[in-house]
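Data block below; observations after.
No value in this document is a laboratory result; all are computed from the given coordinates. All of these numbers come straight from a predicted model, not from anything done at the bench. Cβ coordinates were reconstructed from backbone atoms using ideal geometry, including for glycine residues, and neighbour counts include every protein chain displayed.
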Amino acid sequence: MEGKLKQIAEEQEITIRPGFWDDPKKAELLMRAIQEKKTWTDDFAKARAAFDDMMVMNEFLAAGDATEEDLEKTIHHSPQADRGPGIPAHAQR
């Protein structure tokens, strides 16, 4: 994750250099590569946050401060649960 974030920052620096758009095709390829990395890092951050939320809820469940229904709600209301059809439930967690 840190490596991708560093790459994004470095590549974004390239985009503000004079002459960046002199080669539009090359510029577009770099912009697409940056966007792909951003999508990956954003999705990873959302998945990590959802995982952390579920782990906290699991601790509450173990301590008796939450119910299994609370845990299920956390799982089904995570950002990854909104990915739509085609993503198996186990891949969303």
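Can you tell me which residue in the range 52-66 is farthest from the chain's Cα centre (by Cα), limited to those that are acidic (Asp, Glu) and part of a helix (DSSP H, G or I)? Outline the logic, then answer.
Residues of the range 52-66 that are acidic (Asp, Glu), as a first pass: 52-53, 59, 65.
Checking the rest, the ones that are also part of a helix (DSSP H, G or I) come to 52-53, 59.
Values: ASP52: 13, ASP53: 14, GLU59: 24 Å.
Per the criteria, the residue is GLU59.
I'm trying to understand the selection: among the residues of the range 10-20, which are surrounded by 11 or more Cβ atoms within 10 Å (Cβ to Cβ) and not hydroxyl-bearing (Ser, Thr, Tyr)? So that I can check it myself, show each step before the final result.
Here is the first cut: in the range 10-20, the ones surrounded by 11 or more Cβ atoms within 10 Å (Cβ to Cβ) are 11-12, 14-15, 20.
Listed by number, the residues that qualify are GLU11, GLN12, ILE14, PHE20.
If I filter the range 49-62 for residues that are closer than 30 Å to ALA9 by Cα and aliphatic (A, V, I, L, M), do I get at least one hit?
Taking the range 49-62 first, the residues closer than 30 Å to ALA9 by Cα are 49-53.
Still in the list and also aliphatic (A, V, I, L, M): 49-50.
Looking through the range 49-62, at least one residue is closer than 30 Å to ALA9 by Cα and aliphatic (A, V, I, L, M).
Out of the residues in the range 33-48 meeting the condition of being loosely packed, with under 14 Cβ neighbours inside 10 Å and within 12 Å of the chain's Cα centre (by Cα), tell me which one is farthest from GLN12 (Cα to Cα).
Here the residue is ARG48.
For the structure I just gave you, tell me whether LEU30 is aliphatic (A, V, I, L, M), surrounded by 11 or more Cβ atoms within 10 Å (Cβ to Cβ) and within 30 Å of GLY3 (Cβ to Cβ). Give the derivation first.
On the way: aliphatic (A, V, I, L, M): yes; surrounded by 11 or more Cβ atoms within 10 Å (Cβ to Cβ): yes; within 30 Å of GLY3 (Cβ to Cβ): yes.
The answer is yes for LEU30.
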